[in-house]
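Structure record follows, encoded as structure tokens.
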């Protein structure tokens with residue numbers, strides 16, 4: 001129960017929020033977390049909750065140019081194929097029933113279907129003029145191919161394994177065994193659960209023989225925003241066109257973000273390289289806006305090692321950071337758990353580290369934030385997604401066809417993630433996902449920046465206007481990435497390895 005003044009304050013706060021549902025969920029979670037000692041919520045308590053929530057979400061004091069998204073509070077947007085619009089689903093349940101697992105794949109296919117319905121290549125012209133004839137590809141439902149054997153057709157479906165480890169192509173109407181051995185494959189990594197556009201024909205034995213297979217084309221983010229102006233896909237609050245234009249002016253400021261992955265804090269060489277890193281940036285007139293530390297934070301996998309070892313290492317890191325006043329006062333230090341960090345299970349998304357283990361570090365550097373994996377940050381009008389996962393290994397194991405050698409495997413993975421509109425399209429048996437939190441892994445609309453922390457060499461590239469990067473392993477190679485929002489460029493950097 002809320003006091004009258006508390007209710008009025010909460011209502012006024014919600015009226016100023018860009019994402020009312022998301023902020024209301026945050027307030028309700030804070031009120032019901034068991035920390036209040038009374039059933040009646042006072043005005044002062046609501047004020048403190050609002051202030052603490054704002055601090056957790058922004059990197060700027062009193063500003064909102066940098067918003068760190070709590071993916072566990074992201075709006076769960078689902079596609080309604082009848083009304084052809086997105087709607088807010090129920091509050092995600094970690095212990096969801098089996099129907100939610102099926103909904104994962106239904107929603108992924110629905111979203112790509114509605115995306116392709118606007119693409120010029122797959123859209124039937126509204127007016128057909130002889131002098132301006134427009135070619136387009138008509139995507140057929142699989143069920144419509146029954147009795148239409150031998151004819152060359154285009155279909156959209158999902159690659160699945162149903163029986164005897166045999167590959168099938170499935171859509172909402174039917175499924176057929178698919179033969180892909182002689183098909184030409186466009187760039188990307190094709191695994192079970194991949195959604196694909198296939199050219200081919202249905203044979204008399206009921207097998208769909210593919211001639212060519214490709215990824216669904218990416219939709220420009222501007223088209224998505226224009227189509228769904230009132231939808232907050234990213235979870236950081238909806239921005240109008242005017243808001244975006246105004247925030248873009250702020251991007252001209254000379255700010256940088258530093259991204260590191262695999263920072264093994266128990267190793268003396270890693271600590272020495274971190275000290276060198278901090279020395280360099282501390283001397284800069286404009287220190288980094290933020291340092292992103294992506295796990296893993298320990299190389300060891302011994303059963304005796306636990307989270308308290310992490311607390312000890314973070315305390316040592318705090319002693320190093322404390323000596324660099326410029327960074328302590330002006331930079332934010334953001335920590336994301338890795339796939340093998342102690343205390344973290346293998347299911348994604350992963351929650352942030354517990355605050356308990358970062359108290360010593362926060363005493364040395366108060367501007368420390370703990371982020372989930374994946375992590376979403378909106379800086380001005382740019383949307384950044386960071387994900388720590390060994391996708392190179394997982395995707396290679398699950399690939400159903402060889403990739404061409406025209407581009408690097410990193411580029412194949414980035415192509416796959418952006419075209420699938422999902423951070424982890426690999427099979428669930430290889431990478432479990434919280435069924436009702438699958439929306440937190442969507443890459444729709446396409447973000448401006450995508451960082452994949454992977455046990456792979458440092459690299460960067462640009463795909464469909466998205467700056468993609470892999471910082472490599474800091475402890476093994478001394479590599480990291482620097483991102484400049486003003487120019488939307490990524491720079492590969494390294495610290496000389498300590499002997």
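Since every read-out is calculated from the coordinates, none of them should be taken as a lab result. As the structure is a prediction and not an experimental result, all values here were calculated from the model. Because the Cβ atoms are built from the backbone with ideal geometry, glycine has one as well, and the counts that use them run over all protein chains shown.
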TODO: Multiply the residue gap between residue 118 and residue 97 by 0.36 nm, knock off their C-alpha separation, and tell me the result in nm, one decimal place.
DONE: 4.2 nm
Task: Cα long-axis angle, helix 268-282 against the chain (0 to 90 degrees, to the nearest 10) - done: 80 degrees
- [ ] State the dimensionless ratio Rg/Rh of the chain (Rg: radius of gyration of Cα atoms; Rh: Kirkwood radius).
- [x] 0.99
Task: Pair-distance profile P(r), taking every C-alpha pair of the range 235-383, with 10 angstrom steps and integer % - done: 10, 38, 33, 16, 4, 0
TODO: When a/c is below 1.5 the answer is rounded, else prolate if a/b is larger than b/c, else oblate, so apply that to the range 69-111 with a ≥ b ≥ c taken from the square roots of the Cα gyration tensor eigenvalues.
DONE: oblate
- [ ] Could you calculate the contour length gain from residue 162 to residue 135, that is, 0.36 nm times the residue separation minus the distance between their Cα atoms, to one decimal place in nm?
- [x] 6.2 nm
TODO: State, to one decimal in nm, how far the label point of residue 462 lies from the label point of residue 284, with both points 7 Å from Cα in the Cβ direction.
DONE: 2.0 nm
TODO: May I ask you to derive the relative contact order of the range 237-494, considering only C-alpha pairs under 8 Å and at least 6 residues apart, and to give it as an integer percent?
DONE: 22 percent
- [ ] Arrange 487, 492 by Cβ neighbour counts within 10 Å, fewest through most, would you?
- [x] 487, 492
Task: CD proxy at 222 nm, helix term only [per DSSP H run n ≥ 4: -39500 (n - 2.57); per residue of the chain; nearest 500] - done: -8500 deg cm²/dmol
Task: Cα shape, the range 422-477, gyration tensor, a/c 1.5 rule - done: oblate
TODO: Report Rg (one decimal) and Dmax (nearest whole number) for the range 237-494, counting Cα atoms only, units Å.
DONE: 18.0, 54
Task: Length-normalised contact order for the chain - Cα pairs under 8 Å, 6+ apart - percent - done: 16 percent
TODO: State, to one decimal in nm, how far the label point of residue 204 lies from the label point of residue 179, with both points 7 Å from Cα in the Cβ direction.
DONE: 1.3 nm
Task: 0 to 90° range, to nearest 10: angle between helix 4-15 axis and the chain longest Cα axis - done: 50 degrees
Open item on the list: As a test, work out the antiparallel percent of DSSP beta bridges whose residues both lie in the range 237-494, rounded to the nearest 5.
Closed with: 50 percent
Open item on the list: Which of rounded, prolate or oblate describes the range 185-315 when judged by the alpha-carbon gyration tensor and an a/c cut-off of 1.5?
Closed with: oblate
TODO: Treating the angle as unsigned and between 0 and 90°, give the value, to the nearest 10°, between the Cα long axis of helix 98-116 and the longest Cα principal axis of the chain.
DONE: 70 degrees
- [ ] Counting other beta carbons within 10 Å of each Cβ, put 307, 384, 497 in order, fewest first.
- [x] 497, 307, 384
Task: Relative contact order, percent, the range 385-499 [alpha-carbon distance under 8 Å, six or more residues apart] - done: 22 percent
Task: For the range 133-182 and the range 237-270, distance of Cα centres in Å - done: 42 Å
Task: Counting DSSP beta bridges with both ends in the chain, the antiparallel % (nearest 5) - done: 65 percent
